[in-house]
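Working notes, beginning with the structure itself.
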Amino acid sequence: MREIGVGLLGLGNVGAGVVNILRSHAREIEARLGAQVVVRRVAIRDQDKPRAASVDRALLTTSIEQVLDDPQVAIVVEVMGGVDLAARWVLAALDRGKHVVTANKALLAERGDEVFAKARARGVDVYYEAAVCGGLPILRTIREALAADRISAIYGIVNGTTNFILTRMTEERAPFSEALAAAQAVGYAEADPSLDIGGGDAAQKLCILAALAFGTRVHPADVFTEGIGAIEPIDLAQAREFGYCVKLLATAKRVGEGVETHVCPVLLPLANPLASVRGPYNAVLLVADALGPALFQGQGAGGAPTGSAVVGDIIDCSRNIVAGAAGRVPMPYEPNLKEVAKLPMSESLFPYYLRVMVDDRPGVLARICGVLGERGISIGAVTQKERGGVGQGPVPVTIVTHEAREGDVQTALSSIEALPSTRGKVRLLRIENRLPMA
Ligand code: NAP
């Protein structure tokens, strides 16, 4: 039987998942592919580190060059992470005529142009299903299953760490720091979780989704990005009273001839299926002209789910090799991608949730409502909590507005924060109540 040689760059969480699946599902893979996938070389940093997958020691090397130079390696699987180092080796692999499978969203969001241009020039394939939502087959769905359709919007819970934290804060009323510590304890959050918490990881994934769905280049810098670090349990409890939960939502949608992209925590109606995506799970709700709304949900991370997506890519890539048909699946970031206008966040329209901490004095609410009114922002609902007891500090006033322009709301917030009765920053959360399937 024909053998397809694979060289791995990395044998961490994902690399070990890949090796384990290739071994445990070898029979199914052979039957489906009509060829054997054989791991020829594995690059790592530390030869003596214990591994979650057993690999013949003779295959391990600390030299990435050795993997790329191995004539038996037809597909290089980049599962080591990072941007510039990964780009260097992926570009070198493509230069040597190797196909590449990668799980690296940061690499593609930051340097995808170079990677895809090189692959095109060399007539080889780059597959990257695992880069977005781990095991959830969302990229292949957009690229292949929906090749005939026109996607108008994508709404995703694409970061499992933040979804785990928000779920914990909501269900156990834990403060942010405690929920983050719990995420780190179970291995969902990195020691430095800033890329997850700050929304950067979700923004990188959104760039890849938007490029595929809209045929346009979106760079992480184009995406308005706000994380979950400032959310407090009181906001989650208040949101629930208004009939919402809070999710970190990555959104990309067509607006006129342009595209609107943002990653931010939003209030979602409890009735929307995205509201029930709990813990580390990911979900993508996409809206296509012919298909209508469709929801995809599953495990967005972890060695086995992500390894499953990587091995799926290895098989697809191997099929192309067997058929002599590289380039069958178009890659994004090609030179003919359209540049379209990116709508500035200040022009976005949302209803808003605002929480203002105020001194509990007569007339305070009227003044806040006056500021909003001056900006043409109309109010849908207001709650004002009573003072907890004698000598207690400020009390929260919570306001839900009707749809308003982000720029107007931000200006109004500055004025509200300048009122003598206001204590601290106003907490603003956008409300996303226009999603389908609610
Ligand atoms: P990881 O556990 O940190 O593993 C990284 C591996 O790469 C390690 O085996 C490491 O070697 C090796 N490595 C790093 N730098 C190297 C170098 N200069 N030379 C040789 N080997 C090197 O990372 P991971 O969680 O598997 O993630 C890998 C990639 O998959 C990342 O791009 C990540 O964003 C993506 N991804 C991960 C998940 C997930 O659930 N973890 C989900 C989706 C996508 P040593 O073991 O010797 O240190």
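The values are calculated or read from the model by the stated rules, or taken from the named source; none is laboratory data. Computed from a predicted structure; not experimentally measured. Glycine gets a Cβ as well: all are built from the backbone with ideal geometry, and neighbour counts include every protein chain shown.
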Ala86 is checked against (1) touching a Ser or Thr at 6+ places or on another chain (Cβ under 8 Å); (2) surrounded by fewer than 23 Cβ atoms within 10 Å (Cβ to Cβ) and fails just one. What number does that condition carry? (2)
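How many of the residues in region 30-61 are more than 28 Å from Gly82 (Cβ to Cβ), of a type in the set (A, V, I, L, M) and surrounded by fewer than 18 Cβ atoms within 10 Å (Cβ to Cβ)? I'd like the intermediate steps shown before the answer.
Within region 30-61, the subset more than 28 Å from Gly82 (Cβ to Cβ) is 30-36.
Checking the rest, the ones that are also of a type in the set (A, V, I, L, M) come to 31, 33, 35.
Among the residues that remain, those that are also surrounded by fewer than 18 Cβ atoms within 10 Å (Cβ to Cβ) are: 31, 35.
Of the residues in region 30-61, 2 are more than 28 Å from Gly82 (Cβ to Cβ), of a type in the set (A, V, I, L, M) and surrounded by fewer than 18 Cβ atoms within 10 Å (Cβ to Cβ).
Considering each of Pro273, Pro344 in turn, give the residue that is closer than 27 Å to Asp222 by Cβ and of a type outside the set (A, V, I, L, M, F, W, C). Please lay out each step first, then the result.
Numbers: Pro273 fails: closer than 27 Å to Asp222 by Cβ.
Selected residue: Pro344, the only one of Pro273, Pro344 that is closer than 27 Å to Asp222 by Cβ and of a type outside the set (A, V, I, L, M, F, W, C).
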Checked pairs for region 123-139, first farther than 22 Å from Ala87 by Cβ and crowded, with 24+ Cβ neighbours inside 10 Å, second aromatic (Phe, Trp, Tyr) and modelled with pLDDT under 95, C-beta under 9 Å and 6 or more apart or across chains, list as none
Within the set of pairs 6 or more residues apart or between chains, which connect a residue that is closer than 14 Å to Ala211 by Cα inside region 101-119 to a residue that is of a type in the set (Phe, Trp, Tyr) with Cβ atoms less than 7 Å apart? Leu108/Tyr128; Gly112/Tyr333; Asp113/Tyr333; Phe116/Tyr333
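Do you know which of the residues in region 177-233 that are among the β-branched types (Val, Ile, Thr) and in contact with a Pro (Cβ under 7 Å, 6 or more places away or on another chain) is nearest to Arg427 (Cα to Cα)? Explain how you work it out, then say what you get.
Restricting attention to region 177-233, the residues satisfying the condition of being among the β-branched types (Val, Ile, Thr) are 186, 197, 208, 216, 218, 223, 225, 228, 231.
Retained after the next criterion (residues that are in contact with a Pro (Cβ under 7 Å, 6 or more places away or on another chain)): 228, 231.
Values: Ile228: 12, Ile231: 8 Å.
The selected residue is Ile231.
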So how many residues does region 174-190 have that are exposed (fewer than 15 other Cβ atoms within 10 Å of the Cβ) and under 18 Å from Ala106 (Cα atoms)? 1
Just the residues that are within 11 Å of the ligand (Cβ to nearest atom) and under 25 Å from Asp48 (Cβ atoms), please, taken from region 73-87. Val77, Glu78, Val79, Met80, Gly81, Gly82, Leu85, Ala86
For region 216-238, give me each residue that is charged (D, E, K, R) and farther than 27 Å from Glu172 by Cβ. Arg217, Asp222
Scope region 141-151; condition part of a helix (DSSP H, G or I) and without any contact (Cβ under 8 Å) to a residue 12 or more places away in the chain; matching residues: Ala145
Can you name the residue in region 302-330 that is outside any helix (DSSP H, G or I) and out of contact with any Lys or Arg (no Cβ under 7 Å at 6 or more places or on another chain) and, of all such residues, is modelled with the lowest pLDDT? Pro330
Which of the residues spanning region 116-133 are assigned to a helix (DSSP H, G or I) and within 13 Å of the ligand (Cβ to nearest atom)? Glu129, Ala130, Ala131
Name the single residue, out of those in region 331-352 being part of a strand (DSSP E or B) and of a type outside the set (Phe, Trp, Tyr), that is modelled with the highest pLDDT. Leu349
I'm trying to understand the selection: among the residues of region 50-72, which are within 11 Å of the ligand (Cβ to nearest atom), in contact (Cβ under 8 Å) with a residue 60 or more places away in the chain and part of a helix (DSSP H, G or I)? Val67
Output for region 1-18, where each listed residue is more than 9 Å from the ligand (Cβ to nearest atom) and farther than 14 Å from Val101 by Cα: Met1, Arg2, Glu3
Scan region 200-227 for residues that are at pLDDT 95 or above, out of contact with any helix residue (DSSP H, G or I) (no Cβ under 8 Å at 6 or more places or on another chain) and more than 14 Å from Lys253 (Cα to Cα) and jot them down. Glu226
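For region 23-49, enumerate the residues that are within 16 Å of the ligand (Cβ to nearest atom), of a type in the set (A, V, I, L, M, F, W, C) and not in a strand (DSSP E or B). Before the answer, list the steps.
Taking region 23-49 as the starting set, the residues that turn out to be within 16 Å of the ligand (Cβ to nearest atom) are 39-49.
Checking the rest, the ones that are also of a type in the set (A, V, I, L, M, F, W, C) come to 39, 42-44.
Once the filter is applied, which keeps residues that are within 16 Å of the ligand (Cβ to nearest atom), of a type in the set (A, V, I, L, M, F, W, C) and not in a strand (DSSP E or B), region 23-49 yields only Ile44.
Given the criteria crowded, with 20+ Cβ neighbours inside 10 Å, under 20 Å from the mean Cα position of the chain (by Cα) and of a type in the set (A, V, I, L, M, F, W, C), does Ala119 qualify? Before the answer, list the steps.
On the way: crowded, with 20+ Cβ neighbours inside 10 Å: yes; under 20 Å from the mean Cα position of the chain (by Cα): no; of a type in the set (A, V, I, L, M, F, W, C): yes.
Considered against the rule, which asks whether it is crowded, with 20+ Cβ neighbours inside 10 Å, under 20 Å from the mean Cα position of the chain (by Cα) and of a type in the set (A, V, I, L, M, F, W, C), Ala119 comes out as no.
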Taking the residues in region 89-115 that are crowded, with 19+ Cβ neighbours inside 10 Å and of a type outside the set (A, V, I, L, M, F, W, C) as candidates, determine which candidate is nearest to the ligand (Cβ to nearest atom). Asn104
Please go through region 415-437 and give me each residue that is in contact (Cβ under 8 Å) with a residue 12 or more places away in the chain, in a loop (DSSP other than H, G, I, E, B) and under 22 Å from the mean Cα position of the chain (by Cα), ordered by number. Glu432, Asn433, Leu435, Pro436, Met437
